[in-house]
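Structure first, then comments.
No lab work stands behind these numbers, since they all come straight from the coordinates. On a predicted model such as this, the values are computed, not experimentally measured, just so you know. Neighbour counts run over all protein chains shown; Cβ positions are idealised from the backbone, glycine included.
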Amino acid sequence: MKAIAVYEEMLELEYTKSFTYYKIGLCYKENKQPLLALNCFQKSLRDDPQFYLSMMEQSYIYEEMGGMKEALHFAQEAVSLNENNLDFQKRLAFLYIDSGKFEESLECLKKLVDFEPQRFYNWYALSEVLMLLGEYEEAISTLQSATKKHNRAELYYQLSNCYFHMNNQKQGRNVLSIALELDPNLLEDMQLKYPFIKEEADKVKAKKK
């Protein structure tokens, strides 16, 4: 709480108070006092309506309090002011997903893939949403590009699922064979999402014997 007292003294000295209110808000957030934190982030924005850091922190607080509509609103506002912040893009993407707004999440996920192609999970998340929307051909194209950069079992399991949904059993089993070679232990987790994959995996294993 000493930090809060110091920042409050600074409020009397600073020309702009938005950053100081933001720092006080972070202290309250750290101390598990969300309402006081929210009040400070709101004061920060009153001083500087375009201070996107306080916008995103409000988003976190509202999400913690169960206000998903408000959480999404402030995340959207923060991203609109700082589109190149990949952490912001990632947060907005998953807020959209948590809110069932899958189509809206695509723009954020595609930006993450464009700016951080070295992170395999960005590709995986994008393919997951495309599959949820029934866009299997685009998901296949995305995963094919991903596997050229990342030799990850998760991507091959996902790609095999796409092929199976498109009734391309041959390609599905070929890709599933690669996934099983890379990480056979991951099969159990994948079965929880796609129960049918166990039968296909058994066929692949039987063919190798």
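Couple of notes before you dig in:
- For the range 1-116, lysine pairs separated by 8 or more sequence positions, or belonging to different chains, with Cα-Cα distances below 18 Å total 14.
- As a length-normalised measure over Cα pairs under 8 Å and 6 or more apart, the relative contact order of the range 118-209 settles at 22 percent.
- For the chain, the mean residue ellipticity at 222 nm estimated from helices alone is -24500 deg cm²/dmol, where every DSSP H run of n ≥ 4 contributes -39500 (n - 2.57) and the total is divided by all residues, rounded to the nearest 500.
- At an R0 of 35 angstrom, the distance between the Cβ atoms of GLN191 and GLN118 translates into a FRET efficiency of 0.75.
- Spin-label pair GLN33/GLU64, simplified geometry with 7 Å Cα→Cβ offset, distance in nm: 1.2
- As a calculated quantity, the FRET efficiency between ASN168 and GLU103 at R0 = 30 Å, using C-beta atoms, amounts to about 0.75.
- For the chain, the Rg and Dmax computed from alpha carbons only, in angstrom: 22.6, 77
- Nearest-ten-degree value, helix 120-132 long axis tilted from longest Cα axis of the chain: 80
- Exposed loop sites here are chymotrypsin sites (Phe, Trp or Tyr not before Pro) assigned a DSSP state other than H, G, I, E or B and surrounded by at most 12 other beta carbons within 10 Å; excluding them, the longest clear run of the chain is 16-195.
- 27 Å Cα-Cα reach of LYS203 towards lysines, excluding residues that sit fewer than 8 places from it in its own chain: LYS148, LYS170, LYS193
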